[in-house]
Amino acid sequence: MKLLPSPADYPEGRLFSLDLLRGLDMFYLAVVSSVLVPLFHALGADACWETFFCSHPWEGFTLYDLIMPLFIFMCGAAVPFALGRRMRDGRPAPGYWKHVWSRFALLWVLGMLAQGDLASLSIHRISPYNNTLQTIAVGYLAAAYVMTLRSWTVRIAIPVVLTVAYGLIVHFGGDYTKDGNVTQAFELKILYAILPRDNAQTANIVTHGYTWFLPSMMFPVITLAGAFSTEILRRADLGEWKRAASLAAFGAGSLAVGWVLAFAGVRMVKHIFTVSFTLQAIGWSVLLLAALFVLTDIWKLRRGTGLLLLFGQYALTAYLCESVFNGVCYAASNRLFVGFKQFVPQEFGRVVIAVGFGIVVTAVVMVRRQLALGKAK
């Protein structure tokens with residue numbers, strides 16, 4: 001029984017770099033960042049370290065800021081494979097839209113369970129839209145539609161138009177502060193129309209500043225950037241190095257435009273997915289994919305990547321452990337690893353439990369893999 005996927009047994013027709021990058025992203029979110037926060041506290045590290053590696057400041061771009069858009073990007077990168085099998089001569093095969101809408105509904109409900117407090121069954125606590133899985137659902141639905149279009153000109157024009165339109169709305173509709181941006185006013189108007197005024201999730205928007213409805217114009221842009229990246233890597237008319245160079249040029253161009261816009265006054269704000277932030281996220285995501293494509297798909301440097309492949313292939317399970325079942329996994333860690341705290345200085349006790357949390361999450365993902373393998377037999 002193999003607990004981890006074997007890089008040596010990886011299917012030839014599949015892009016190794018896709019699963020690996022998705023695994024890196026999810027492993028960082030579910031395991032690494034959970035350990036870094038108590039570790040920085042135990043070491044007495046400067047606050048800037050935790051800010052860059054483990055938090056979302058209102059303005060700027062941190063490593064932690066990249067996790068969510070990279071997850072959306074990687075889901076988009078899988079679309080040409082997942083939905084390409086359901087196309088016939090460039091048109092949706094029977095069952096195409098049933099599959100798309102069922103996947104959309106599943107992601108939406110899971111998102112509401114993860115952060116929307118759906119399990120409370122209380123209209124005073126439930127939020128209809130405030131989770132990464134739901135942003136993936138929005139992007140996935142848009143990408144599913146774009147894939148049915150035969151014209152590549154139209155396919156590329158759609159994310160460009162969405163980006164320009166959203167940028168103009170945000171820039172001229174308000175400012176880039178937490179309380180002065182147009183997306184918050186838009187968000188509250190919708191929520192006040194469908195939820196009670198005392199809904200706890202509505203109050204949270206004013207506190208933390210995250211918005212979802214209007215920024216939904218940008219989630220398809222990130223998803224389609226991932227899908228287009230995969231299309232570049234699949235081009236049979238280009239050699240491997242030309243594909244890598246094309247992808248790198250795409251990423252560098254996105255970064256450059258994002259930086260120019262930032263210098264021009266379009267502030268980078270992850271909470272509302274400003275255009276400069278989104279282009280930065282796309283740029284770094286594309287460049288990471290290009291780098292891993294060279295390392296693992298061209299040079300075949302794959303040894304020791306089994307754990308990351310595991311998280312890449314079962315990313316949704318890892319995400320649900322980190323979000324929906326976070327408390328359960330930490331409770332298991334406290335029960336299983338509490339004794340190890342006596343072997344470390346007191347200030348490192350939380351680090352021990354955080355490491356235990358990562359082990360529990362990894363074990364759950366391993367079990368999920370074994371169940372999938374058993375079902376496939």
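The values are calculated or read from the model by the stated rules, or taken from the named source; none is laboratory data. The model shown is predicted, which means the values in this text are computed figures rather than measured ones. All Cβ positions, glycine included, derive from the backbone under ideal geometry; neighbour counts span all protein chains shown. Keep in mind that these areas ignore ligands, DNA and RNA; they rest on the heavy atoms of the full protein, side chains included. Shrake-Rupley method; radii C 1.70, N 1.55, O 1.52, S 1.80 Å.
Pairs please, first residue from the range 195-220 and farther than 18 Å from Met112 by Cα, second anywhere and small (Gly, Ala, Ser) and buried (at least 21 other Cβ atoms within 10 Å of the Cβ), Cβ atoms under 8 Å, 6+ apart in sequence or on different chains.
Sorted first by the residue in the range 195-220, then by its partner, the pairs are Pro220/Gly139; Pro220/Ala142; Pro220/Ala143.
Spot the failing condition for Asp198; the list is (1) over 24 Å from Asn326 (Cβ atoms); (2) of a type outside the set (Val, Ile, Thr); (3) touching a helix residue (DSSP H, G or I) at 6+ places or on another chain (Cβ under 8 Å), and only one is missed.
Going through the list (1) over 24 Å from Asn326 (Cβ atoms); (2) of a type outside the set (Val, Ile, Thr); (3) touching a helix residue (DSSP H, G or I) at 6+ places or on another chain (Cβ under 8 Å), Asp198 breaks only (3).
Filter the range 234-247 down to the residues that are within 17 Å of Phe73 (Cβ to Cβ) and modelled with pLDDT under 95 and list them by number.
Correct list: Arg234 only.
Of Thr230, Thr207, which residue is hydroxyl-bearing (Ser, Thr, Tyr) and surrounded by fewer than 13 Cβ atoms within 10 Å (Cβ to Cβ)? Before the answer, list the steps.
Values: Thr230 fails: surrounded by fewer than 13 Cβ atoms within 10 Å (Cβ to Cβ).
Every option except Thr207 fails the conditions.
So which residues in the range 44-63 are in a helix (DSSP H, G or I), open to solvent by 40 Å² or more (accessible area, probe 1.4 Å), in contact with a helix residue (DSSP H, G or I) (Cβ under 6 Å, 6 or more places away or on another chain) and within 25 Å of Ala315 (Cα to Cα), if there are any at all?
First, pick out the residues of the range 44-63 that are in a helix (DSSP H, G or I): 47-54.
Narrowing further to those that are open to solvent by 40 Å² or more (accessible area, probe 1.4 Å): 47-53.
If we keep only those that are in contact with a helix residue (DSSP H, G or I) (Cβ under 6 Å, 6 or more places away or on another chain) as well, we get 49-50, 53.
Glu50, Phe53 - these are the residues of the range 44-63 that are in a helix (DSSP H, G or I), open to solvent by 40 Å² or more (accessible area, probe 1.4 Å), in contact with a helix residue (DSSP H, G or I) (Cβ under 6 Å, 6 or more places away or on another chain) and within 25 Å of Ala315 (Cα to Cα).
Which condition number in (1) within 21 Å of His56 (Cβ to Cβ); (2) touching a Leu at 6+ places or on another chain (Cβ under 7 Å) is the one that Val170 fails?
(2)
Considering only residues that are among the hydrophobic types (A, V, I, L, M, F, W, C), more than 18 Å from Ile72 (Cα to Cα) and assigned to a helix (DSSP H, G or I), which ones fall in the range 87-117?
Within the range 87-117, Trp97, Leu113 meet the criteria.
Tell me, please, whether a residue that is closer than 30 Å to Leu118 by Cα and among the basic types (Lys, Arg) can be found in the range 287-304. Reasoning before the result, please.
First pass over the range 287-304, keeping only residues closer than 30 Å to Leu118 by Cα: none.
No, the range 287-304 contains no residue that is closer than 30 Å to Leu118 by Cα and among the basic types (Lys, Arg).
Tell me, please, whether a residue that is without any contact (Cβ under 8 Å) to a residue 60 or more places away in the chain, surrounded by 18 or more Cβ atoms within 10 Å (Cβ to Cβ) and in contact with a Lys or Arg (Cβ under 6 Å, 6 or more places away or on another chain) can be found in the range 323-342.
There is no residue in the range 323-342 that is without any contact (Cβ under 8 Å) to a residue 60 or more places away in the chain, surrounded by 18 or more Cβ atoms within 10 Å (Cβ to Cβ) and in contact with a Lys or Arg (Cβ under 6 Å, 6 or more places away or on another chain).
For the range 149-163, name all the residues that are open to solvent by 30 Å² or more (accessible area, probe 1.4 Å) and touching a residue at least 60 places away in the same chain (Cβ under 8 Å). Let's see the steps before the verdict.
Kept after step one, since they are open to solvent by 30 Å² or more (accessible area, probe 1.4 Å), are these residues of the range 149-163: 149-158, 160-162.
Result: Arg150, Arg155, Ile156, Ile158.
Quick check on Leu310: is it open to solvent by 40 Å² or more (accessible area, probe 1.4 Å) and in contact (Cβ under 8 Å) with a residue 40 or more places away in the chain?
no
So is Gly13 surrounded by fewer than 22 Cβ atoms within 10 Å (Cβ to Cβ) and under 19 Å from the mean Cα position of the chain (by Cα) or not?
no
Go through the range 291-307 and give me each residue that's in contact (Cβ under 8 Å) with a residue 60 or more places away in the chain and open to solvent by less than 50 Å² (accessible area, probe 1.4 Å).
Within the range 291-307, Leu292, Phe293, Thr296, Asp297, Arg302, Thr305, Gly306 meet the criteria.
Which of (1) open to solvent by 30 Å² or more (accessible area, probe 1.4 Å); (2) under 22 Å from the mean Cα position of the chain (by Cα); (3) not basic (Lys, Arg) does Asn130 not meet, given it meets every other one?
Asn130 satisfies all of (1) open to solvent by 30 Å² or more (accessible area, probe 1.4 Å); (2) under 22 Å from the mean Cα position of the chain (by Cα); (3) not basic (Lys, Arg) except (1).
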